[in-house]
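Every number here is computed from the coordinates shown, using simple stated rules; none is lab data. Since this is a predicted model, take the numbers as computed values, not measurements. When we count neighbours, we look across all protein chains shown, and the Cβ atoms used for this are built from the backbone with ideal geometry, even at glycine.
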Amino acid sequence: MKHKRLYYVIHKPYKVLSQFSDENENPGLGQLYQLPKDIYPVGRLDLDSEGLLILTNDKKLNHQLLNPKQAHKRTYWAEVEGIPTEESLNVFRKGVTIKINGKAYITLPAEVEILKEVNLPERNPPVNYTKHPVRCWLEIKLTEGKNRQVRRMTAAIGHPTLRLIRVAIEDLQLAPLASGGITQVSENVILKKLRIQPTT
């Protein structure tokens, strides 16, 4: 019998691990979803990040999406401290130097814009806005995914990230899923939205 490929899109909540098991008193995805045992996340979002995460048993998709040569565009909304100048944003666009595993790394060129309006529910627990009174939202588009890369990049231009949400991978959108939401997607739809050629 042919192995059935299953695909789910979830809105990973804040302070939930990108794995099914709990660890160090942090809840895993198994606390939220009851799925077949062969389902696992494609890539990850760190504990403090929210948003779009794909769950599947399709090992080929995992390789196709995470292979750096494929350069799939990921879109993030980052709420940052302060308001960056256009000069700072241009530095960000060209590539900034961050530390990865203790070594200096220059990021690939990225797209970044200040978002005028973001209509999102409050995080639970919320950001401490008393401590960070001046802030704005950035839309950031990357084609690479180093560990905590967006946070490291915004910090490198002097605007630490307060809240981070992945809202899209290529044409696959997080909306309208609420935090903790899940939807099952067909193979044809997910491959088309991720701009991946179907394989047999």
Query raised in the report: lysines within cross-link reach of Lys131: Cα-Cα under 24 Å, excluding same-chain residues under 8 positions apart?
Result: Lys15, Lys116
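Between Leu66 and Gln173, take the C-beta separation as r, use R0 = 22 Å, and let me know the FRET efficiency to the nearest 0.05. Don't skip to the end; give the middle numbers.
Details: r = 20 Å, r/R0 = 0.89.
E between Leu66 and Gln173, to the nearest 0.05, is 0.65.
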Requested in this report: Report P(r) for the chain: all Cα-Cα distances, bin width 5 Å, range 0 to the bin holding the largest distance, values in whole percent.
Outcome: 1, 7, 15, 19, 19, 17, 12, 6, 3, 1, 0, 0
Report summary line: The ³J(HN,Hα) series, computed from each phi in segment 146-160 with the Karplus coefficients 6.51, -1.76 and 1.60 at θ = phi - 60°, rounded to the nearest Hz and given as x for glycine or proline, is 5, 4, 6, 4, 4, 4, 5, 5, 5, 5, 5, 9, x, 9, x
Query raised in the report: Modelled label-to-label distance, Ile106 and Glu87, 7 Å Cα→beta-carbon offset: nm?
Result: 2.1 nm
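Taking 0.36 nm per residue of sequence separation and subtracting the Cα-Cα distance, how much length would be gained by fully extending the chain between Arg148 and Val189, in nm to one decimal?
Details: separation 41, 0.36 × 41 = 14.76 nm, distance 2.86 nm.
Additional length available on full extension: 11.9 nm.
Please arrange Trp137, Trp77 by counting, for each residue, the other beta carbons lying within 10 Å of its beta carbon, fewest first.
Numbers: Trp137 18, Trp77 21.
Going from sparsest to densest Cβ surroundings: Trp137, Trp77.
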Query raised in the report: For a paramagnetic label modelled at 7 Å from the Cα of Thr97 toward its Cβ, which residues of segment 133-161 fall within the zone defined by backbone nitrogen distances under 14 Å?
Result: 156-157
Query raised in the report: What is the mean projected area of the alpha carbon convex hull for segment 23-64, to one decimal in square nanometres?
Result: 3.6 nm²
Report task. Along Cα→Cβ, 7 Å out, is where each label goes; now give me the distance between the ones at Arg5 and Ser21 in nm to one decimal. Result -> 2.8 nm
Query raised in the report: Taking θ as phi - 60°, what are the ³J(HN,Hα) couplings along segment 79-92 by the Karplus curve (6.51, -1.76, 1.60), each to the nearest whole Hz, with x for Gly and Pro?
Result: 8, 10, 6, x, 10, x, 6, 4, 4, 5, 5, 5, 4, 4
